[in-house]
Amino acid sequence: MNPVLIAALVLGGVGLVCAVLLVVASKFMAVPVDERFPKIRECLPGANCGGCGYAGCDGYANALVDGSEESISKCTAGGAAVAEALAKVTGKVAEAVEPKVAYVHCLGTCDKTEKKAAYNGTKTCKASKILFGGEGACTFGCLGYGDCAAVCPQQAINVINGVAHVNGARCIACGQCVTVCPQKIVSLIPADAAVKVTCSSKDKGPVVMKACKAGCIGCGLCQRNCPAEAIKVEGFLATIDYDKCIGCGKCKEVCPRKCIL
Amino acid sequence: MSDGAKLLLIAFSMIFTENYVLVQFIAICPFLGVSKNFDSCIGMSGAVIFVMTLASAVTWVIYHFLLDPFGLTYLQTIVFILVIAALVQFVEIVLKKYIKPLYKALGIYLPLITTNCAVLAVTILNIDESYNFIEACVEGATAGVGFGLALILFCGVRKALERAKPPKCFEGLPITLVAAALTSMTFMGFTGIADNLFH
């Protein structure tokens, strides 16, 4: 027989056997994929940010399909629009999704606070924190090495003048910066928050006075003047309860340290 | 040399002296691509060991019972590629159905292996060295182990690189390539050991 023919036959034969094998295998060993999965997955934005608490959008979609996840409003990146789309597909009722953004509760920029030591180690917040709570005079404030900026999937965080700033327009509220910050000074606040506390120091007034020009001294003026009782000063630090806040801005006016913005 | 010693020699040379990645410079793309994080290193090495062993076995059978008798040995490259691609697909289907945990652990790395040149290299080398069936399988598995070793070692190097501060123009891939070269030079130290160890 013609050697070219043999070669073609053998190669074609091997190919055919492989093809038949694959077809048979995919028929007989097909794993049924729940038909709702692609529909649900399509609704999700695909940013894989992990804001819902699952490993990526596929994880969340899977959990919704197999019923281990009840809530359809877990997607912080997509917000209300995604929850609505999911409601259509799953037939569940969407709970109200309040758009949130991450906020760094510190304004201790390089010109407002002092350094107590020169730090020459690894340039991450985590490492800097291990050594005597960071190099700054205030041990509660932003360390400024941008661990949050590094973990942000949207590049929404910039470290400006020693303090991390979140660009609210880009933030999808996935909460990764909240988890990674060793100082725990980043939190998710309502995107339309009228007021926010810009300090995280729980030191007593005089100590804060010495360490930072922008720190909360825990005087309690805001708490006394708030008509809605939304502000509490605990451990020499004001915190706002956004469920109660009516956005009147009284606290902003009375704060002697201008640390409520 | 006894059979056992020969197998040991194959294993030793595949892992150390003839390491695919660091000595023969095969499969550099997954080596650079996957070595960023430890978990994916483990996943990738597991998948490579698995597929290399299977591919060695299957291609050995095909070569000796199909290509050789028909005098078609010149077709080995294309046939092997075909078989490896089909095999990986098949294994993926089977794993997905019957061994879900393994399928999840190997994840995306399984289909990626189709393009890993080390798999083709190991099958062709098996034929060139005229190994028997057992030897071919051992070579396949240990070549995979060698690949995994190189990957995991280099993952550690890259972790250290993240903390280092190279000159601006070297940041990223350039310094990684330099580090890979230095890592590969350490493996040159094994050259010549294998022959004297097992003879």
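Here A:Tyr103 meets each of (1) outside any loop (DSSP other than H, G, I, E, B); (2) buried (at least 17 other Cβ atoms within 10 Å of the Cβ); (3) outside the structural domain of A:Gly141 (by TED's automatic domain parsing) with one exception, condition (3). In region B:81-128, the qualifying residues are those that are in contact with a Pro (Cβ under 7 Å, 6 or more places away or on another chain) and within 11 Å of chain A (Cβ to nearest Cβ), and the one that is surrounded by the fewest Cβ atoms within 10 Å (Cβ to Cβ) is B:Glu92.
Checked against the criterion of being hydroxyl-bearing (Ser, Thr, Tyr), assigned to a helix (DSSP H, G or I), free of Cβ contacts under 8 Å to residues at least 40 places away in the same chain and under 25 Å from A:Val24 (Cα atoms), the candidates B:Tyr74, B:Tyr103, B:Tyr63 yield just one match: B:Tyr103.
Please tell me if B:Val122 is among the β-branched types (Val, Ile, Thr) and touching a Gly at 6+ places or on another chain (Cβ under 6 Å). Answer is yes for this residue. Do you know which residues across region A:80-99 are under 19 Å from A:Tyr54 (Cβ atoms), surrounded by 14 or more Cβ atoms within 10 Å (Cβ to Cβ) and in contact (Cβ under 8 Å) with a residue 24 or more places away in the chain? Across region A:80-99, the qualifying residues are A:Val82, A:Ala85, A:Leu86, A:Val89, A:Thr90, A:Val97.
Scanning region B:35-57 for residues that are among the aliphatic types (A, V, I, L, M) and buried (at least 22 other Cβ atoms within 10 Å of the Cβ), we see that the one that is nearest to B:Asp195 (Cα to Cα) is B:Met52. Quick one: in region A:46-67, of everything that is in contact with a Lys or Arg (Cβ under 9 Å, 6 or more places away or on another chain) and surrounded by fewer than 17 Cβ atoms within 10 Å (Cβ to Cβ), which residue is farthest from the other protein chains (Cβ to nearest Cβ)? Here the answer is A:Gly53.
Every condition in (1) under 25 Å from the mean Cα position of the chain (by Cα); (2) farther than 30 Å from B:Ile93 by Cα; (3) surrounded by 12 or more Cβ atoms within 10 Å (Cβ to Cβ) holds for A:Glu70 except the one numbered (3).
Considering only residues in region A:15-45 that are more than 14 Å from chain B (Cβ to nearest Cβ) and assigned to a loop (DSSP other than H, G, I, E, B), the one that is modelled with the lowest pLDDT turns out to be A:Asp34.
Which residues, taken from region B:187-199, are loosely packed, with under 11 Cβ neighbours inside 10 Å and either under 21 Å from the mean Cα position of the chain (by Cα) or in a loop (DSSP other than H, G, I, E, B) (or both)? Across region B:187-199, the qualifying residues are B:Gly189, B:Gly192, B:His199.
The values are calculated or read from the model by the stated rules, or taken from the named source; none is laboratory data. Not measured: the values here are computed from a predicted model. Please note: Cβ atoms are built from the backbone with ideal geometry, for glycine as well, and neighbour counts cover all protein chains shown.
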